[in-house]
1. Among Ser211, Ser260, Ser256, which is touching a residue at least 40 places away in the same chain (Cβ under 8 Å), in contact with a Lys or Arg (Cβ under 6 Å, 6 or more places away or on another chain) and of a type in the set (S, T, N, Q)?
2. Checking the structure you have, find out if any residue of region 35-49 is open to solvent by less than 50 Å² (accessible area, probe 1.4 Å) and over 20 Å from the mean Cα position of the chain (by Cα).
3. Among the numbered conditions (1) open to solvent by 80 Å² or more (accessible area, probe 1.4 Å); (2) farther than 23 Å from Ile212 by Cβ, tell me where Gly462 comes up short.
4. Does Arg140 fit the bill of being farther than 30 Å from Arg424 by Cβ, surrounded by 17 or more Cβ atoms within 10 Å (Cβ to Cβ) and not aliphatic (A, V, I, L, M)?
5. Out of the residues in region 50-74 meeting the condition of being more than 23 Å from Val173 (Cα to Cα) and surrounded by 15 or more Cβ atoms within 10 Å (Cβ to Cβ), tell me which one is nearest to the chain's Cα centre (by Cα).
6. Being surrounded by fewer than 19 Cβ atoms within 10 Å (Cβ to Cβ), modelled with pLDDT of 95 or more and of a type in the set (Lys, Arg), is that true of even one residue in region 244-259?
7. Scan region 297-318 for residues that are within 16 Å of Lys357 (Cα to Cα) and in contact with a strand residue (DSSP E or B) (Cβ under 6 Å, 6 or more places away or on another chain) and jot them down.
8. For region 86-127, how many residues meet the condition of being assigned to a loop (DSSP other than H, G, I, E, B), surrounded by fewer than 19 Cβ atoms within 10 Å (Cβ to Cβ) and more than 25 Å from the chain's Cα centre (by Cα)?
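The values are calculated or read from the model by the stated rules, or taken from the named source; none is laboratory data. Everything numeric in this text was worked out from a predicted model, so none of it was measured. Virtual Cβ from ideal backbone geometry, glycine too; neighbours counted across all protein chains shown. Side chains are part of the model used for accessible areas, which takes the heavy atoms of the whole protein and leaves out ligands, DNA and RNA. Shrake-Rupley method; radii C 1.70, N 1.55, O 1.52, S 1.80 Å.
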Amino acid sequence: MSISVTKRSEDYARWYTDVVKKAELADYGPVKGTMVIRPYGFAIWENIRQIADRMFKETGHVNAYFPMFIPESYMRKEAEHIEGFAPECAVVTHGGGKKLDEPLYVRPTSETIIWSMYKKWIKSYRDLPLLINQWANVVRWEMRTRLFLRTTEFLWQEGHTAHATAAEAEEEVRKIIEIYRILAEDYLAMPVYVGKKTDAEKFAGALYTYSIEAMMGDMKALQAGTSHNLGQNFAKAFDVTYLNSENKQEYVYATSWGVSTRLIGGVIMTHGDDKGLILPPKIAPYQLVIVPIWRNDDQKSQLMEEVTKIKIQFQKEEIRYIVDDSDQVSPGWKFNQWEMKGVPLRLEIGPKDLKKKQVVLVRRDTGEKHFVGFENLYSVVKQMLNDIQTNMFEKALAFRNNNTHEAGNYADFKKIIAAGGFVRAFWSGDGKDEARIQEETKATIRSIPFEQNQKGTCFYTGKPSDTIVIFGKSY
């Protein structure tokens, strides 16, 4: 099998699919639009999941699991919600060899079934806040699919919380979107804009939605995580009330939030190059690959003895590694394979290195080679992994900043969007203006950043504005 991939500059979409398949992250399932996540891709997801799960639990959230089949009547209790999801829903009409009395929706998201349970569990203010998360799969019948980015079934986490006051719910959605920012920037090395979505882009059934938005290598936007303030919409739809401290019944306030395996697609498109995947060390299944190089059995025996010592120390230092000592392929083939898989560091050691008591370390992000003595190896590897993580974020941040432009008028806006990139501009338009711009340019408002401290003129309406937004084409 050839290890090479299509060049990004020639065909970005094909390059992406080549990387996913040749790095052995995922493959197409037998049902159109489905995806099989292969062990290496799932290991990346497990690392992301572990990091996010730890942060959720540190802020008081607990995990649970809810059924994937949702009665149609539940979906219809919140009108805006069902209207938003209806085109994407898969519906089961038969089971056990006969037609069901009521159709069942295969979970597109779990608000409705979870709130039916919250009605049973929440009775008084002592039951609040209720902070539950679940790791699950969901089904959305997408017409145009792409591995990891948009598939009929995907993996995610979805948090669903209930609160006594609007202020507590707002604190929750802000807390979660900050967790997502930390996950994206500190672990995935993926810089994001953090802000509010417009009404046209918000979650169906929410008062408003916060999101993190990242720029991919083709300068399109990826919505990488969302946190929704649901207000009392679902509480009223499912009649979820609580007895407050003054013995009065009140509706609870709700939030929901989630990230998915789409994040893996984001990592690929943020960092990948013509050699394949580049993984941030913090989420890489293997942070380092050891490749011993020999010509005969005696050399192999001596090298593997030293490799065993290195392995023991790496285990103590909690460095994730793999040893590639296979005989079937050449060292060059191994180098290319592990570069394709995006392993942050490669450690080469041959007979000459053994005599000099050194190894060769090769960085995946820059290709730089470093000759490192045995005595300094472990400290150098740990520092180099930190440097790679930092460098990957800074490189991605510079790319985003260099491709985010300001537009003073609509003509400039259209030129920037056509060339590729984000537009940062003042905005005073309405939903109709937003829809018209999308129809003409395919660009949407990706984010209304939280930080707003300037005044100017809207590029589209010419009216005074104190609101800056980020426009871009998106996945």
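1. Being touching a residue at least 40 places away in the same chain (Cβ under 8 Å), in contact with a Lys or Arg (Cβ under 6 Å, 6 or more places away or on another chain) and of a type in the set (S, T, N, Q) holds for just one of Ser211, Ser260, Ser256, which is Ser211.
2. No, because not a single residue in region 35-49 is open to solvent by less than 50 Å² (accessible area, probe 1.4 Å) and over 20 Å from the mean Cα position of the chain (by Cα).
3. Result: Gly462 passes all but (1).
4. Yes, satisfied.
5. Looking at the filtered set, the residue picked out is Met68.
6. Within region 244-259 (the criterion being surrounded by fewer than 19 Cβ atoms within 10 Å (Cβ to Cβ), modelled with pLDDT of 95 or more and of a type in the set (Lys, Arg)), the answer is yes, since at least one residue qualifies.
7. Hits for region 297-318 are Leu303, Val307.
8. Number satisfying all stated conditions: 3.
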